[in-house]
Amino acid sequence: MNEVDAAQREVIEEFAFFDNWMDRYQYLIDLGRRLPEFPEADRTDENRIRGCQSQVWFVAERSGERIRFRAISDAAIVSGLIAVLLRIYSDKKPAEILATPPEFIQALQLEQHLSPTRSNGLASMLKAIRRMAAEAEGSA
C-alpha cells in the first residue's frame, strides 16, 4: 500500500463515523474552514480550475520527490472537498498519485450525495491534480 492509498483509507475510516449525510456535509464544511490561508496573489486565472461552479484555485509546488498542493474555494462544501483532496494527495510522490485510483469517491458515495455541479467540480479538481502530478513526474 502506498501513501496515497493509506491516506484514502484514513479519510474513508473518518467518514464512517458519521451515520448520515447531514453529519458528513457538516464535517466537510468544518474541514474546509480549516484550510490554510491562500494568498491573494495566487488567486489568478492561471491557477483557477475550470469546470467548477464555484471559484477554485489550485497550486502545485515540487518539494524534492514530492508534490505539495495548496487550494481554496469560495464555497463551503467545495472547500471541504479540497481539504479531503489535500489530505489524500498533498506531499505525496507524483508517481503514487498517478498510480492510485481515487477509490475514496465511491467508498464515500460522493457521486450519489453531491449535486451534479459539485461532482463535476470534484472531477475537474482530480483531473488537475493528476495533470500537475504528471507534469511534476515529467520534470523529475
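The numbers here are math on the coordinates, done by the rules we state, and not lab data. Computed from a predicted structure; not experimentally measured. Using ideal geometry, Cβ is built from the backbone for each residue, glycine included, and neighbour counts are taken over all protein chains shown.
Computed from the Kirkwood radius of its Cα pairs, the Stokes-Einstein diffusion coefficient for the chain at 10 °C and 1.306 mPa s stands at 104 µm²/s. With a cut-off of 20 Å, note down the residues of the range 64-86 whose backbone N falls inside the zone around a label point 7 Å from the Cα of ASP23 toward its beta carbon. Of the residues in the range 64-86, 77, 80-81, 84 have backbone N under 20 Å from the label point off ASP23. Rounded to the nearest 500, the helix-only mean residue ellipticity at 222 nm of the chain stands at -17000 deg cm²/dmol, with each DSSP H run of n ≥ 4 adding -39,500 (n - 2.57). Summing charges over neighbours of ALA123, with a neighbour being any other residue whose Cβ is under 11 Å away from its Cβ, gives +2 when K and R count +1 and D and E count -1.
Taking a sphere under 13 Å around the Cβ of LEU28 and counting the other residues whose Cβ falls inside, with K and R at +1 and D and E at -1, yields a net charge of +2.
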